[in-house]
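To start, the structure under review is shown below, and the notes come after it.
The values are calculated or read from the model by the stated rules, or taken from the named source; none is laboratory data. Computed from a predicted structure; not experimentally measured. All Cβ positions, even for glycine, are placed from backbone atoms using ideal geometry, and neighbour counts span all protein chains on display. For the accessible areas, the whole protein counts, side chains as well, though only heavy atoms, and no ligand, DNA or RNA atoms are used. Shrake-Rupley method; radii C 1.70, N 1.55, O 1.52, S 1.80 Å.
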Amino acid sequence: MGINKQQLTDIQTIGIRWFELDEYDLNRKGGAGPTDHKAFNFKDQTSMVPIFNEQVQQSNYSATYSDDKKNVLIYENDILIDKATIPAQPNFYQLSTADGIPYSKIATLHSKDVLATTVFQKCVRYGNKNTSCQFCAIEESLKNETTIAHKTPEQLAEVAKAAVELDGISQMIMTTGTPNLKDRGAKMLLESAKAVKAAVDIPLQVQCEPPNEDFWFQALKDAGVDAIGMHLEAVSQRVREDIMPGKASVPMSRYISAYKAAVQVFGKGNVSTYILAGLGDTEEEIITVSKELIDLGVYPFVVPFTPVAGTPLANHPMPDPSMLKRIFSTLGPLLKEKIMTSNDLKAGCAKCGACSSMKSYE
Ligand code: SF4
């Protein structure tokens, strides 16, 4: 018994039905990027699985606690296929800053050993349907008061140090909403990286839109950043303009020039991009662009799109798992051939690998 990579792709794409959810706070609800997931520990991999979306009710996978509540039993068509566990709540969640802000509002545990934060929980593109990304819920967790708008470098350093010391965190990821249309968050990330690296030695990835000038990449590296993600989300101009009209105003040509400049600084694989499969790009478009990116030294982290409650795409259909399997089966061996597998990377979502089963195809 044990889940195989095809079943993992299935459950990360169409989710698991689970009726016994508690108020356990390791669920990813709201926030930047893919969300509304729950973390499951399978034998050698922690994976984020959609469980909150209504479409999940159509899934042929389901879960229930074992009698002693120590395991979660996973069923496919009512046949038991695996036992998983749920990552424990980290110790650093018990702490607060001197001025009373819970550490969990400053950074959160992703997967089982990744510290993640959204440095700036707002975005110049959010709140206006002519510019916002339709899949994004970045400011929702702010409204729910589960986070704070701007995490200072000092706060991030304090939490990172505690998370490493108390919970053995293996890497940190700092993303940001886009605060302005010039450096697009690079300056804020740089200041945060400096403070974190002065406090604790931990591999660090930052994520932002391509800044307007390439000098930022070396400046980020000098501040201690190990890897950078600049996320396309959609690869065709058609889908970019349709789903994320604001971000689409930064042309693909700028993404490509930024990737080339960043690979010079961070090395191949330590520059990456998120691609959300299911927004409307065809399988061929995703494979073609991903191959071009791999040739440039950029890791295309392809993730199944999960509709998020409260966003304009809340009722958008989830993708077909077979499309993801074909994409992964094509890209996985290529990444291995180029020595750009998840294990080769220093930090980042592609290294964590919890939001996509892609690395099991490498
Ligand atoms: S892949 Fe990225 S977003 Fe997903 S759990 Fe890991 S760090 Fe978080």
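Observations
- Across the range 167-180, rounded Karplus estimates of 3J(HN,Hα) from the backbone phi angles (6.51 cos²θ - 1.76 cosθ + 1.60, θ = phi - 60°) give 10, x, 4, 9, 7, 10, 10, 10, 10, 7, x, 8, x, 7 Hz, Gly and Pro being marked x.
- Residue ranking by accessible heavy-atom surface, 1.4 Å probe, largest first, among Lys359, Lys182 comes out as Lys182, Lys359.
- Amide H contacts for Lys122 (H built 1.01 Å from N in the peptide plane; partners 5 or more residues away or on another chain; cut-off under 5 Å): Gly177.
- Once exposed loop chymotrypsin sites (Phe, Trp or Tyr not before Pro) are cut out (DSSP; at most 16 other Cβ, 10 Å), longest piece of the chain: 25-362
- Placing +1 on the Cβ of every Lys and Arg and -1 on the Cβ of every Asp and Glu, with no other charges, gives the range 91-361 a dipole of roughly 180 debye about its Cα centre.
- Annotation: per residue accessible area for the chain equals 40 Å², rounded to a whole number [probe 1.4 Å, protein chains only].
- Unpartnered cysteines - no second Cys beta carbon under 4.7 Å - across the chain: Cys123, Cys208, Cys349, Cys352, Cys355
- Efficiency of FRET from Cβ geometry, Leu296 and Glu213, R₀ 25 Å, rounded to 0.05: 0.85
- Centroid-to-centroid separation of the range 1-17 and the range 275-342 [C-alpha atoms, Å]: 16 Å
- Partner aspartates and glutamates whose Cα lies under 19 Å from the Cα of Lys351, excluding those fewer than 8 positions away in the same chain, are identified as Asp44, Asp113, Asp167, Asp201, Asp226, Glu233, Asp295, Glu337, Glu362.
- Within the chain, percent of DSSP bridges classed antiparallel, to nearest 5: 50 percent
- Average silhouette area of the range 286-362, convex hull of alpha-carbon atoms, in square nanometres: 5.6 nm²
- For the range 91-361, pairs of C-alpha atoms spaced more than 29 angstrom apart make up 28 percent of the total.
- Nonlocal amide H pairs with Val72, under 5 Å, H built at 1.01 Å: Ser66, Ala84, Thr85
- Separation of alpha-carbon centers, the range 212-246 and the range 35-83, rounded to whole Å: 33 Å
- Considering only Cα atoms, the convex hull volume of the range 171-246 works out to 88 Å³ per residue.
- Cleavage-rule hits, trypsin sites (Lys or Arg not before Pro), the range 82-165, DSSP coil, Cβ neighbours within 10 Å at most 16: Lys129
- Taking every DSSP helix (H) stretch of at least 4 residues in the chain, weighting each as -39,500 (n - 2.57) and dividing the sum by the residue count yields a mean residue ellipticity at 222 nm of -9000 deg cm²/dmol.
- With every protein chain in place, the range 151-262: carbon and sulfur % of accessible area (1.4 Å): 54 percent
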